[in-house]
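Encoded as structure tokens, the structure appears first; notes follow it.
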Amino acid sequence: MSALETLDRLPRLDLRGFVSPVQRLERFSEAIGIEVWCKRDDIGSVGLAGNKVRKLEVELAYAVSRGATHLVAEGSRLSNATRAVAAASAALGLKCTLLLCHEEPREPVGNLMLDGLFGADLRFVGDVSWHDLARHSVTVASELERSGERVYRLPIGCASERSCLGFALAYRELREQMRQHGRAIGTIVHASSSGGTHAGLVLGNALHGFESEIRGIVVAEDVYSDVVGTYLSFARGGARLLNAEVELTRDHIKVTKAYLGAGYGLPADGIYEAIDLLATKEGLLVDPVYSGKAVAAIIDLASQGELKGPVVFWHTGGYHALFDPRYAKRIWSAIDRLSSVAL
């Protein structure tokens with residue numbers, strides 16, 4: 001059996017309910033001077049969708065097969081991944097505990113509110129490093145196991161060798177959609193932090209002969225000491241699970257921190273203007289924490305002639321931070337047409 005046949009037969013759940021569409025962004029493309037399409041992983045049936053759901057379809061199929069009763073996941077209080085885990089847990093009838101870091105919440109907004117609404121047990125560990133957050137997560141998982149739970153722990157961003165296969169499948173899906181439109185994939189641009197999305201897209205591209213370029217826009221600093229090496233290890237591990245004979249090197253992992261700005265969840269040059277432009281030209285929403293930084297990167301890279309078209313912006317979801325008062329005020333201020341309106 002070939003690697004692609006193994007990939008197609010991979011055990012997985014259906015948490016999205018349908019195949020997310022790909023659409024050409026006509027007015028946005030005209031505005032920035034390059035052909036841009038959007039893969040709409042911001043829509044779906046479980047927990048307000050997002051890219052993490054694809055990873056969970058593969059990872060949780062494995063967890064359920066092993067008899068898991070309780071999911072433990074870790075992330076920021078802004079995390080799309082933990083929100084997706086909470087939603088999937090509710091849909092599957094599993095218990096869920098989330099370990100959340102960074103600022104203590106002043107009020108339940110965005111993903112944090114959704115985490116609680118989906119019934120997850122929320123445990124706040126303060127402003128700790130990603131490494132320390134993982135340590136807390138391991139400790140809590142052990143405590144739950146001692147109490148009789150069958151725990152399946154999901155790492156930061158739900159990123160792993162197994163879960164990245166969800167995005168190897170996703171690359172295959174997009175490739176077929178673009179073919180139906182009579183177009184090829186020149187470059188895929190997406191927001192990246194924990195690396196499962198990037199690794200899976202790189203692996204999917206490799207399985208089809210390296211026909212596209214995958215560009216990851218880093219939105220969270222210091223998740224790993226070696227970002228490229230970790231992403232590469234996920235992609236190679238996924239290839240081993242498929243028995244795929246593909247050669248993957250560090251040169252295949254193209255990521256940049258140039259659009260990170262002041263850090264995770266913090267401002268970056270051009271991000272609020274990018275959010276405004278995409279919204280006014282296409283009626284699409286992106287957020288300032290994750291996907292908005294990828295859109296800002298597309299605008300800037302296109303202006304420098306550094307993107308091979310057609311470009312596909314992989315919308316990884318997560319518009320919920322738009323409603324966080326801290327971000328909403330900045331977005332409002334960036335909208336020139338509202339500058340004369342009293343706040």
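The values are calculated or read from the model by the stated rules, or taken from the named source; none is laboratory data. This one's a predicted model, so the numbers in the text were calculated from it and none came from an experiment. Here Cβ is always computed from backbone atoms with ideal geometry, including for glycine, and neighbour counts include all displayed protein chains.
Residues in the stretch 249-263: is at least one assigned to a loop (DSSP other than H, G, I, E, B) and either more than 27 Å from Trp130 (Cβ to Cβ) or touching a residue at least 60 places away in the same chain (Cβ under 8 Å) (or both)? It would help to see each step written out before you state the result.
First, pick out the residues of the stretch 249-263 that are assigned to a loop (DSSP other than H, G, I, E, B): 249, 253, 257-263.
Okay, now just the ones that are also either more than 27 Å from Trp130 (Cβ to Cβ) or touching a residue at least 60 places away in the same chain (Cβ under 8 Å) (or both), so none.
Within the stretch 249-263, not a single residue is assigned to a loop (DSSP other than H, G, I, E, B) and either more than 27 Å from Trp130 (Cβ to Cβ) or touching a residue at least 60 places away in the same chain (Cβ under 8 Å) (or both).
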key: Failed condition for Phe167, given (1) touching a residue at least 24 places away in the same chain (Cβ under 8 Å); (2) at positive phi; (3) not charged (D, E, K, R)   = (2)
query = Which residues, counting only those in the stretch 54-74, are under 28 Å from Pro288 (Cα atoms) and either surrounded by fewer than 24 Cβ atoms within 10 Å (Cβ to Cβ) or modelled with pLDDT under 95 (or both)?
reply = Glu57
inquiry  = On the basis of being in the same structural domain as Pro21 (by TED's automatic domain parsing), out of contact with any strand residue (DSSP E or B) (no Cβ under 7 Å at 6 or more places or on another chain) and crowded, with 19+ Cβ neighbours inside 10 Å, does Pro267 make the cut?
reply    = no
query = Tell me, which residue of the stretch 2-31 that is without any contact (Cβ under 8 Å) to a residue 12 or more places away in the chain and in a loop (DSSP other than H, G, I, E, B) is surrounded by the fewest Cβ atoms within 10 Å (Cβ to Cβ)?
reply = Arg9
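For every residue, the table says whether it meets (1) hydrophobic (A, V, I, L, M, F, W, C); (2) touching a strand residue (DSSP E or B) at 6+ places or on another chain (Cβ under 6 Å); (3) at pLDDT 95 or above.
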residue	(1), (2), (3)
Gly119	no, no, yes
Gly126	no, no, no
Ala141	yes, yes, yes
Gly148	no, no, yes
Arg153	no, yes, yes
Met178	yes, no, yes
Ser194	no, no, yes
Ala199	yes, no, yes
key: the stretch 178-194 residues that are more than 25 Å from Val223 (Cα to Cα), paired with ones that are crowded, with 21+ Cβ neighbours inside 10 Å and of a type in the set (Gly, Ala, Ser) (beta carbon under 6 Å, 6 or more apart)   = Ile185/Ser212
